[in-house]
Amino acid sequence: MLEEVANGNTKSVGKVIDRGIRSLKQGIVEIYRVVWVKEVEAAERAGLIVTCQVIIKKTIAIGVEEEDRKRTWVTDAKECMKRGSIEIARAIYAHALTVFLTKKSIWLKATQLKKSHGTRESLDALTSGCGDLVDASQRKVASWGSSCSTSNSS
């Protein structure tokens with residue numbers, strides 16, 4: 001898998017991760033989300049950002065009850081940020097936004113992360129890259145940016 005990323009073949013990373021997860025499950029290997037996050041942090045330190053993003057997307061929900069997802073994922077992202085794993089925190093928020101599309105609190109946290117550890121272009125991509133997934137009123141998240149440090153609603 002690492003060779004595929006190194007050769008620029010990032011599209012196959014998801015397939016490789018899926019096969020690995022299926023193989024582990026078939027072998028009756030318990031898959032722990034927390035362990036995956038630790039492994040992904042090592043991948044981030046090695047500069048394997050696409051691999052990090054895919055592994056987070058494929059494993060972040062493992063072992064998390066539906067009613068606990070938002071709280072757990074926000075906590076995971078905050079903990080990753082504390083440990084300097086900014087790309088993983090981004091990946092967690094990106095996934096959380098696909099599940100909790102209308103939750104202002106997650107948009108605000110993702111926006112704040114982009115503002116503090118990204119570029120203007122990455123912030124614009126967050127707010128405009130939603131395409132048909134988000135209606136115009138939800139895209140106003142950019143205007144919420146000024147309240148990111150004070151708002152925790154939703």
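What about Val99, is it surrounded by fewer than 19 Cβ atoms within 10 Å (Cβ to Cβ), among the aliphatic types (A, V, I, L, M) and modelled with pLDDT of 85 or more? Don't jump to the end; show me each part of the working.
Values: surrounded by fewer than 19 Cβ atoms within 10 Å (Cβ to Cβ): yes; among the aliphatic types (A, V, I, L, M): yes; modelled with pLDDT of 85 or more: yes.
Here the answer is yes, as Val99 does meet what is asked.
Working only within the range 44-73, note down all residues that are touching a residue at least 40 places away in the same chain (Cβ under 8 Å), part of a helix (DSSP H, G or I) and hydrophobic (A, V, I, L, M, F, W, C).
Matches in the range 44-73: Val50, Val54.
For Val74, work out the one condition from (1) touching a helix residue (DSSP H, G or I) at 6+ places or on another chain (Cβ under 9 Å); (2) surrounded by fewer than 17 Cβ atoms within 10 Å (Cβ to Cβ) it doesn't fulfil.
Going through the list (1) touching a helix residue (DSSP H, G or I) at 6+ places or on another chain (Cβ under 9 Å); (2) surrounded by fewer than 17 Cβ atoms within 10 Å (Cβ to Cβ), Val74 breaks only (2).
Could you tell me which numbered condition Gly63 fails, if it satisfies all but one of (1) modelled with pLDDT of 90 or more; (2) in contact with a Phe, Trp or Tyr (Cβ under 8 Å, 6 or more places away or on another chain); (3) of a type outside the set (A, V, I, L, M)?
With respect to (1) modelled with pLDDT of 90 or more; (2) in contact with a Phe, Trp or Tyr (Cβ under 8 Å, 6 or more places away or on another chain); (3) of a type outside the set (A, V, I, L, M), Gly63 is out only on (1).
Only residues that are at pLDDT below 65 and surrounded by 12 or more Cβ atoms within 10 Å (Cβ to Cβ): list them for the range 26-60, please.
Of everything in the range 26-60, just one residue is at pLDDT below 65 and surrounded by 12 or more Cβ atoms within 10 Å (Cβ to Cβ), namely Ile31.
Mind checking which residues of the range 90-108 are among the hydrophobic types (A, V, I, L, M, F, W, C) and more than 18 Å from Ile62 (Cα to Cα)?
First, the residues of the range 90-108 that are among the hydrophobic types (A, V, I, L, M, F, W, C): 91-92, 94, 96-97, 99-101, 106-108.
Passing the criteria: Leu101, Ile106, Trp107, Leu108.
The values are calculated or read from the model by the stated rules, or taken from the named source; none is laboratory data. These figures come from a predicted structure and were not determined experimentally. We place every Cβ from the backbone using ideal geometry, glycine too, and count neighbours over all the protein chains shown.
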